[in-house]
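Visitor: Mind having a look at this structure? Questions to follow.
The values are calculated or read from the model by the stated rules, or taken from the named source; none is laboratory data. If you're wondering where the values come from, they're calculated on a predicted model, not measured in any experiment. All Cβ positions, glycine included, derive from the backbone under ideal geometry; neighbour counts span all protein chains shown. Protein only, heavy atoms only, side chains kept; ligands, DNA and RNA dropped before computing areas. Shrake-Rupley method; radii C 1.70, N 1.55, O 1.52, S 1.80 Å.
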Amino acid sequence: MRTIAILTSGGDAPGMNAAIRAVVRAASYYDMKVYGIKNGYSGLTEGNLELMGVSSVADIIQRGGTILGTARSKEFLTEEGQQRALNVLDIYGIEGLIVLGGDGTFRGAKALSEKGFPVIGIPCTIDNDLGYSEYTIGFFTAVETAVDAIGKIRDTSSSHGRASVIEVMGRHCGDIALYSGLAGGAESIILPEIYTDMDQVLQKVLQGRNRGKRQNLIIMAEGTGDPYEVAETIRMKTNIETRVTILGHIQRGGTPIAIDRIIASEMGIVAVEKLRDRDINILLGIRNNNIYTIPIDKGLLCGKSIKKGLYNTVGILSI
Ligand code: F6P
């Protein structure tokens with residue numbers, strides 16, 4: 001393959017830029033031309049792309065977000081949108097495409113591959129919700145950001161003797177809540193994957209107070225309920241003042257931590273090498289701490305499960 005392209009799609013994730021850099025540099029190393037497509041699949045259908053070179057990815061390994069821009073494209077879900085994308089790829093003589101994103105992005109990649117166009121996916125999402133990969137690029141940075149915020153909330157909560165309900169992101173996956181809650185020393189963690197009895201949360205709050213704890217941290221994954229309702233229930237039933245913090249998009253930005261840059265750099269190179277060798281229509285993932293590949297359709301079918309062992313540690317440590 002002599003000419004390839006790269007796009008980022010869906011929610012941005014810290015480390016995407018490190019992966020873009022690796023793809024562009026590896027392509028140059030192997031004497032391939034690489035186009036950067038702007039704003040995900042929308043840019044692809046519109047022909048919004050430009051040739052990239054070694055210096056167009058200088059000084060980005062440390063930057064959050066994506067220099068290519070991203071979008072959640074509705075048009076690409078249609079037959080017509082996909083055909084438009086194939087036309088653009090054809091016009092520019094692009095022979096293979098590397099896509100960075102999560103499951104929505106990979107569904108788009110699957111559609112292109114089924115139409116005979118070679119694609120490779122690199123897992124980039126803060127949610128860590130892809131069943132086929134132990135970790136996704138951006139997840140550890142998001143957890144780090146959440147842990148930092150939880151630490152700051154802990155300071156003020158314990159100063160005032162309050163409880164704090166903190167909502168973190170994750171869409172349908174509780175990993176950010178679980179990992180940041182464990183690392184942040186939370187008393188309770190509410191996940192979409194495991195039923196939480198509100199009385200247990202209240203018992204933890206009361207136990208903590210009776211043991212002289214000055215703070216009580218309850219980490220909720222988004223979509224598991226209304227954090228303001230949880231806070232009001234705590235206040236009403238325990239008479240403990242409670243505050244709510246919704247971390248929101250803060251978790252998506254910021255400089256990627258080392259592990260995300262390292263995985264992104266390695267995967268960027270592997271993706272280019274796989275395209276070069278025509279080992280195509282695959283997703284890159286992490287299994288047993290190593291990069292491995294899986295066909296796109298199989299990867300998309302893998303269910304994601306929460307690490308119950310980690311969840312139980314929170315119960316043991318928060319007595
Ligand atoms: O998929 C990443 C993510 O940040 C989810 O955690 C969250 O539910 C969603 O994206 C938010 O999407 P948007 O940026 O479109 O509001």
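Visitor: Compute the helix-to-body angle for 308-317: its Cα long axis versus the longest principal axis of the chain, expressed 0 to 90° and rounded to tens.
Guide: Between the helix axis and the principal axis of the chain, the angle is about 30 degrees.
Visitor: Give the peptides 20-26, 223-229, 258-264 in descending order of average Cβ contacts within 10 Å, highest first.
Guide: Taking the mean over residues of other Cβ atoms within 10 Å, the ranking is 20-26, 258-264, 223-229.
Visitor: Considering only protein heavy atoms and a 1.4 Å probe, what is the carbon-and-sulfur percentage of the accessible area of the chain?
Guide: With neighbouring chains kept in place, the figure for the chain is 50 percent.
Visitor: For segment 268-319 and segment 168-199, what is the centre-to-centre distance using only Cα atoms, to the nearest Å?
Guide: 21
Visitor: Loop only by DSSP, 10 or fewer other Cβ within 10 Å of the Cβ. Give me the trypsin sites (Lys or Arg not before Pro) in segment 117-221 that pass, ordered by residue number.
Guide: Passing sites in segment 117-221 are 211.
Visitor: With a ≥ b ≥ c the root eigenvalues of the C-alpha gyration tensor of segment 241-319, is it rounded (a/c under 1.5), prolate (a/b larger than b/c) or oblate?
Guide: Prolate, since a/c reaches 1.5 and a/b exceeds b/c.
Visitor: Report the relative contact order of the chain, percent, no decimals, based on alpha-carbon pairs under 8 angstrom and at least 6 residues apart.
Guide: In percent, rounded to a whole number, it is 24.
Visitor: Follow-up question, since we're still on this one. Please report the antiparallel percentage of DSSP beta bridges with both residues in the chain, rounded to the nearest 5.
Guide: Just about 25 percent of them are antiparallel.
Visitor: Taking just the alpha-carbon atoms of segment 141-252, what radius of gyration and Dmax come out, in angstrom?
Guide: When restricted to Cα atoms, segment 141-252 yields Rg and Dmax of 12.7, 37 Å.
Visitor: Please report the relative contact order for segment 145-219, taking Cα pairs under 8 Å with a sequence separation of at least 6, and give it as a percent rounded to a whole number.
Guide: 44
Visitor: Which whole-number value in Å² is the accessible area per residue of segment 141-252, probe 1.4 Å?
Guide: Value returned for segment 141-252: 46 Å² of accessible area per residue.
Visitor: Also, I was wondering about something else. Have a look at 296, 190, 250 and tell me which one the Gaussian network model of the chain (Cα, springs below 10 Å) gives the largest fluctuation.
Guide: Evaluated over the chain, the most mobile residue of the options is 250.
Visitor: By how many nm would the segment from residue 287 to residue 30 lengthen if fully extended, with 0.36 nm per residue of separation less the alpha-carbon distance?
Guide: Full extension from residue 287 to residue 30 adds 89.9 nm.
Visitor: If packing is taken as the average number of other Cβ atoms within 10 Å across a peptide's residues, how do 304-317, 52-65 rank, most packed first?
Guide: Packing order, densest peptide first, comes out as 52-65, 304-317.
Visitor: So if R0 is 30 Å, what FRET efficiency would residue 210 and residue 310 give, r being the distance between their Cβ atoms, rounded to the nearest 0.05?
Guide: With R0 = 30 Å, the Cβ-Cβ based efficiency is 0.65.
Visitor: Calculated FRET efficiency, residue 277 and residue 51, Cβ-Cβ r, R0 22 Å, to nearest 0.05?
Guide: After rounding to 0.05, the efficiency reads 0.45.
Visitor: Moving on. Just to confirm the number: angle between the C-alpha axis of helix 227-238 and the first principal axis of the chain, 0 to 90 degrees, nearest 10?
Guide: So the inclination is approximately 10 degrees.
Visitor: With everything on Cα atoms, drop me the angle between helix 103-114 and the longest principal axis of the chain, reported from 0 to 90° to the nearest 10.
Guide: It is inclined by approximately 20 degrees.
Visitor: Once the convex hull of the C-alpha atoms of the chain is built, how many Å³ does it hold per residue, rounded to a whole number?
Guide: 119
Visitor: Further question: Pairs 237/308; 115/298; 110/308; 38/115: which exceed 24 Å Cα-Cα?
Guide: Flagged as over cut-off: 237/308; 110/308.
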